[in-house]
Amino acid sequence: MVRGAHAAKTASDAPTSTVGALAGRRVLELADARGEYCGKLLADLGADVIKIEPPGGASSRDKAPFFQDRPHSDGSLSFLYLNANKRGITLELQSSGGAAAFERLLAGADIVIDGVDLDRRGFDWDRLSRLNPRLVLACITDFGLTGPWANLQGADLTAHALGGSAVCLGEPEDPPVVPPAEQAYVMASTYAAAASLAALHYAQESGRGQLIDVSAVETVVSFSHVCGAGKYLEDDIVPRRFGTGLVASVPSGAYPCRDGLIYLMVNRPLHWQALARWINETTGNVEVLDPMFEGPSSIRQPYRELLDIFIRELTERFTVDEIYREAQRRHLAMTPVASAGDLLTDAHLRARGYFETLTHEYTGALRYPGAPYRPAKTPWRRRSAAPTLGRDNADILGDELGLTEAEIREVQAAPTADAVRLTARADPVVRPDSNDGALAGIRVVEFTAGMAGPWIGRFMAWAGAEVVKVESRKFPDVTRLYIPPYQPELGVQDALSPWFTDWNAGKRFVSLDLTKPDAVDLAKQLVARADIVIENYSDGVLAKLGLDYDALAAVQPNLIMLSSTGYGATGPCKGYITWGPNIEALSSMVRSSGFAHREGAVTQYAYPDPLSAVHGLVALLAAMDHRRRTGAGQHIDMSQYEATVSAMGSALMELLANGREPARRGNRSHNAFPQGVYRTLGEDRWCAISCETDEQWVALARVLELDGADVTGRFAERLQRESAAVEIDRQIEERTVAFDPYDLMHRLQTVGVVAAVVQDVDDQLHRDPQLAARGMFEELDHRKKGKVVAPGIPLGMRATPGFTRGTGSSVGEDNARIFKGLIGLSDEAYDRLVRTGVIED
């Protein structure tokens, strides 16, 4: 914890900085598309991110779509979005001059983001750590650096396939489908950014850097865990595609209005009662008021179709805007199913100044998606457009390193054939430094519910922080309202939910009645001994209780506090009620997902919740780094809406740059032909296949024994295959249906074709040797069940591997430990506060 000389500085004393939280940190980025979002996050927080490209340019410069649909090395829309705020140089790492220049840059670097196999070019982890013992190296790959599948080829498509996301997205009648804008790589990058900053914190404490090993497949397993191991092992139901509704929430889904679609999710008993009254008032329906529909969502499961009819009778009477505003007035989670174009005219985003304009040498001025979070004292800001190739060679190689113009040309020169030495990727042997975790010594207090807030604390507890969650028996978290599916006679069991484990394992739990002044005082005493507060209560709740940032900073002057809400702390819609799927609908993700003949698709795993949680973790860790150097805490305003729109940024650039609404492409890609998910042997069994090169296409055709004349004739060129996509997909699936999916995957991988089984959770637990070898699933001690299995936290910190300190705590489980042991209450004072209901024991 930050103490001593900085403790007297109050929140209002510290001036707002004009630089980001990571100002003064240097990051070297060699990543391709898998890791560019990681560099973007760090750059936007103020780090000096230097993108190092080969002299011919990074492969991500060739990714379509392009500005004005004209291929150009500076015109890739995803490259423009993902690389703003970075400086750019070119180096040939396998030339002696290029290697020497890279070594000099390494000496002053804090973090390296690797996407080009540095170890295969002579810069393995041992060499890098000798050159800079404090260095953090973040490796972002499809499968991870270790395990039997480590050297297989992958793509965003295959990460979703193996990771369990695709099988749960879309309509039951359609093939599994993936979300838009390469979300597997967005999240792998975000996990890597969080892990890098946690490792940076450890390096500042210990003087030792470390290797970060992030697998895109594992991040998908992690963020889609709502459909994962914990639930499956509890109810023995393998999650599948379910349209726009959620299996676990009744009612939920996209409902028709007079001029569009509205998304509704009901997840609390009181919300159902409010909706039922509204339906009754508007339509005269009396049946909807029947008490048999009341209670947790599980009570209404048998009546889903009937309730959908009742709800449509309501929604079809209104326009989208009318029902949106009235629903929110009644505190119901209804939001528009928005298009990308709707975002540009959205009054809330406009009021918060979300979109920003940057001028690039090639494109001129364009609007860009803005900040996923808003730190109060170290503002998120865009300083420059994406670099043109080698734009900063003179400044960095010349002015900083002192190279002459001739030497700069030399470090660009291609090496001779004899100098090229590409070795096989080796598993770096790294012994753990610490069993306590990278964040040992940090204390976090949570005022949270649901997933978007608690999951941040879950990650921090796994990484060694002490996390104390403040709860209320009067207003229990939704995960506490759990009825065991095979023992419903037990009623609500507050510690048995698998989602409680997924989101809250490893924490300590206290229970206070915060409507009582003495409880508020205890909460402040707890915060006075903490470093960080995380809260995601409805906007204004903590302020009404006297526990907002200003009140808490008065007792802990260097406090860092993150408030995560649907819309953020300002703007006309602040305080509106949302759940993760509402944010999907609002952000245009639903409209951009799925197949063209559908109106959209909704994930079954409330994607904006884990998305905003891991982004919030990045913001908190960056603020911690800033506080270490300045002593200043701060408040961070996290809008889950804005974070999700930012994650969609690459897709939105198609509208912002070319004036064209992003199309629902299903599983097709702008850059791989063919690409799709194809039926194989077995019920609902599929294989994802992607051919980015002509050579991969020929290899695929050979394995499937497609017509040779077509392969080398009318489908030989990529553009020919793109225009004939429907016919090619039909020909492929006519052959894939005869294959076992795992056999097909390995046959194709053997000949260099990107392919992967569309796995469900049972496959992941029992048929995936890669996840097993890397220990993706944790066996946890459970206070009530003995042992449970849950998805691990794939931050990949090799020197400080995290672990989970048990689960299954009841409300108030740690009251005595915290209020007596940490706060210092006497037995008498503790007993008095229990008797008066201040401490809920």
Among SER497, SER511, which is the only one that is of a type in the set (Ser, Thr, Tyr), within 29 Å of THR804 (Cβ to Cβ) and more than 24 Å from the chain's Cα centre (by Cα)? SER511
Which residues, counting only those in region 129-140, are touching a residue at least 12 places away in the same chain (Cβ under 8 Å) and surrounded by fewer than 24 Cβ atoms within 10 Å (Cβ to Cβ)? SER129, LEU131, ASN132, PRO133, ARG134
Among SER639, SER646, the single one that is under 23 Å from the mean Cα position of the chain (by Cα), in contact (Cβ under 8 Å) with a residue 24 or more places away in the chain, more than 22 Å from ASP156 (Cβ to Cβ) and open to solvent by less than 10 Å² (accessible area, probe 1.4 Å) is SER639
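Listed here are the residues, each with its yes/no results for (1) surrounded by 14 or more Cβ atoms within 10 Å (Cβ to Cβ); (2) in contact (Cβ under 8 Å) with a residue 40 or more places away in the chain.
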residue	(1), (2)
ALA725	yes, yes
ILE728	yes, yes
GLN731	yes, no
GLU734	no, no
ASP740	yes, yes
LEU744	yes, yes
Exception for GLY147 within (1) under 25 Å from MET776 (Cα atoms); (2) small (Gly, Ala, Ser); (3) open to solvent by less than 30 Å² (accessible area, probe 1.4 Å) falls at (3)
Determine which member of the set VAL761, VAL757 is among the β-branched types (Val, Ile, Thr), open to solvent by less than 20 Å² (accessible area, probe 1.4 Å), over 14 Å from GLY676 (Cα atoms) and touching a Phe, Trp or Tyr at 6+ places or on another chain (Cβ under 6 Å). VAL761
All but one of (1) surrounded by fewer than 14 Cβ atoms within 10 Å (Cβ to Cβ); (2) outside any helix (DSSP H, G or I) hold for PHE715, so report the exception by its number. (1)
Would you pick out the residues in region 313-325 that are farther than 21 Å from SER339 by Cα and either surrounded by fewer than 18 Cβ atoms within 10 Å (Cβ to Cβ) or out of contact with any Phe, Trp or Tyr (no Cβ under 9 Å at 6 or more places or on another chain) (or both)? GLU313, ARG317
Exactly one of VAL186, VAL226, VAL167 is modelled with pLDDT of 95 or more, out of contact with any Leu (no Cβ under 6 Å at 6 or more places or on another chain), within 30 Å of PRO484 (Cα to Cα) and in a helix (DSSP H, G or I), and that residue is VAL167
Going through region 547-574 one residue at a time, which ones are assigned to a helix (DSSP H, G or I), of a type in the set (A, V, I, L, M, F, W, C) and crowded, with 21+ Cβ neighbours inside 10 Å? LEU552, ALA553
How do the strands (runs of 3 or more DSSP E) wholly within region 28-129 filter down when requiring 3 or more residues that are in contact with a strand residue (DSSP E or B) (Cβ under 8 Å, 6 or more places away or on another chain), at pLDDT 95 or above and of a type outside the set (A, V, I, L, M): which remain? 48-53, 87-90
How many of the residues in region 34-78 are open to solvent by 10 Å² or more (accessible area, probe 1.4 Å), in contact with a His (Cβ under 9 Å, 6 or more places away or on another chain) and among the aliphatic types (A, V, I, L, M)? 1
Looking at ASP418 and the list (1) assigned to a helix (DSSP H, G or I); (2) modelled with pLDDT of 95 or more, which single condition is not satisfied? (2)
What helices (runs of 4 or more DSSP H) lie completely within region 453-546 and have 3 or more residues being within 18 Å of SER563 (Cα to Cα)? 454-462, 517-528, 541-545
Among VAL788, VAL834, which is the only one that is open to solvent by 10 Å² or more (accessible area, probe 1.4 Å), in a helix (DSSP H, G or I), of a type in the set (Val, Ile, Thr) and touching a helix residue (DSSP H, G or I) at 6+ places or on another chain (Cβ under 9 Å)? VAL834
What number of residues within region 269-313 are outside any helix (DSSP H, G or I) and within 27 Å of VAL492 (Cα to Cα)? 4
From the option list ALA99, ALA58, ALA21, ALA84, single residue qualifying as within 23 Å of ARG660 (Cβ to Cβ) and among the small types (Gly, Ala, Ser) is ALA84
Which residues, counting only those in region 79-128, are open to solvent by less than 10 Å² (accessible area, probe 1.4 Å), among the small types (Gly, Ala, Ser) and more than 14 Å from ARG26 (Cα to Cα)? ALA84, GLY98, ALA101
Within region 369-401, considering residues that are closer than 25 Å to GLN640 by Cα and open to solvent by 60 Å² or more (accessible area, probe 1.4 Å), the one farthest from the chain's Cα centre (by Cα): ARG383
Subset of region 681-712 that is open to solvent by less than 50 Å² (accessible area, probe 1.4 Å) and more than 26 Å from LEU162 (Cβ to Cβ) - its residue that is modelled with the highest pLDDT: VAL711
Would you confirm, using the coordinates I've provided, whether ALA248 is surrounded by fewer than 24 Cβ atoms within 10 Å (Cβ to Cβ) and closer than 28 Å to THR158 by Cα? yes
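The values are calculated or read from the model by the stated rules, or taken from the named source; none is laboratory data. Please read these numbers as outputs of a predicted model, since none were measured by experiment. Please note: Cβ atoms are built from the backbone with ideal geometry, for glycine as well, and neighbour counts cover all protein chains shown. Please note that ligands, DNA and RNA were not included when accessible areas were found on the heavy atoms of the full protein model with its side chains. Shrake-Rupley method; radii C 1.70, N 1.55, O 1.52, S 1.80 Å.
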